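A short write-up of the structure that comes next.
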Amino acid sequence: MDKVIVYVDDAAHAQQILAPLLAGKEAAAGTQWVLVACAPRMTHRVSKWVSHRARENWRDKWSEKLFAQLLPWLQSGSPSPVTTVVAKGPLPELVTQLQAELGAARVVDARRPKLDAASESVAAAPGRLSFPGTLPSLLTGLGALLALDMA
């Protein structure tokens with residue numbers, strides 16, 4: 001039996017990634033799936049005001065919603081066994097533990113890619129344009145005007 005460990009944080013994106021794997025019915029029928037829910041990180045500002053138990057409850061509720069979206073879709077094609085796990089620590093340690101329990105298993109990262117800070121700021125403010133070199137040329141022009149005015 002083929003074993004696949006899948007990191008998931010968004011159901012729609014994961015379905016796009018996993019659809020080619022499920023396309024081969026004979027491969028999908030003999031596959032044991034392990035879905036690992038990777039909840040979004042909380043900022044340090046939030047974690048100062050929320051207790052550890054409240055964070056754990058939120059992570060559990062978040063993962064239940066994610067699994068409720070993915071499990072029917074994943075099991076619709078074939079009655080493959082599906083195990084769900086909620087990541088509560090670093091992923092390399094978790095995958096080592098899972099591979100020790102399951103044996104040899106493929107790892108598929110079906111998480112939505114994160115945007116870097118520069119592209120996030122551009123995406124957040126689409127009407128805002130930046131022209132490199134505008135400020136230095138403006139200051140040079142004002143300096144030239146002042147110099148001509150003083151002369």
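The values are calculated or read from the model by the stated rules, or taken from the named source; none is laboratory data. All of these numbers come straight from a predicted model, not from anything done at the bench. Neighbour counts run over all protein chains shown; Cβ positions are idealised from the backbone, glycine included. Note: areas computed on protein heavy atoms with side chains; ligands, DNA, RNA excluded. Shrake-Rupley method; radii C 1.70, N 1.55, O 1.52, S 1.80 Å.
Using a 1.4 Å probe over the heavy atoms of the protein chains, calculate the carbon and sulfur portion of the accessible area of region 10-93 as a whole percent.
Percent of accessible area from carbon and sulfur atoms in region 10-93: 57.
Obtain the nm distance between the two label points defined at TRP62 and HIS44 by a simple spin-label model: each point lies 7 Å from its Cα along the Cα-to-C-beta direction.
Between TRP62 and HIS44, the label points sit 1.9 nm apart.
Modelling each spin label as a point 7 Å along the Cα-to-Cβ direction, I'd like the GLN15/LEU139 distance in nm, to one decimal.
Rounded to a tenth, the inter-label distance reads 5.3 nm.
In debye, nearest 20: dipole of region 1-97 around its Cα centre with unit charges on the Cβ of K, R (+) and D, E (-)?
Dipole of region 1-97, to the nearest 20 debye: 520 debye.
Keeping every protein chain present and rolling a 1.4 Å probe, give me the accessible area per residue for region 9-74 in Å².
Averaged over the residues of region 9-74, the accessible area is 62 Å².
Quick check: residue separation of SER76 and GLN32 times 0.36 nm, minus the Cα distance between them. What number comes out in nm? Each step should come with its number before you reach the end.
Numbers: separation 44, 0.36 × 44 = 15.84 nm, distance 1.42 nm.
Extending this stretch completely gives an extra 14.4 nm.
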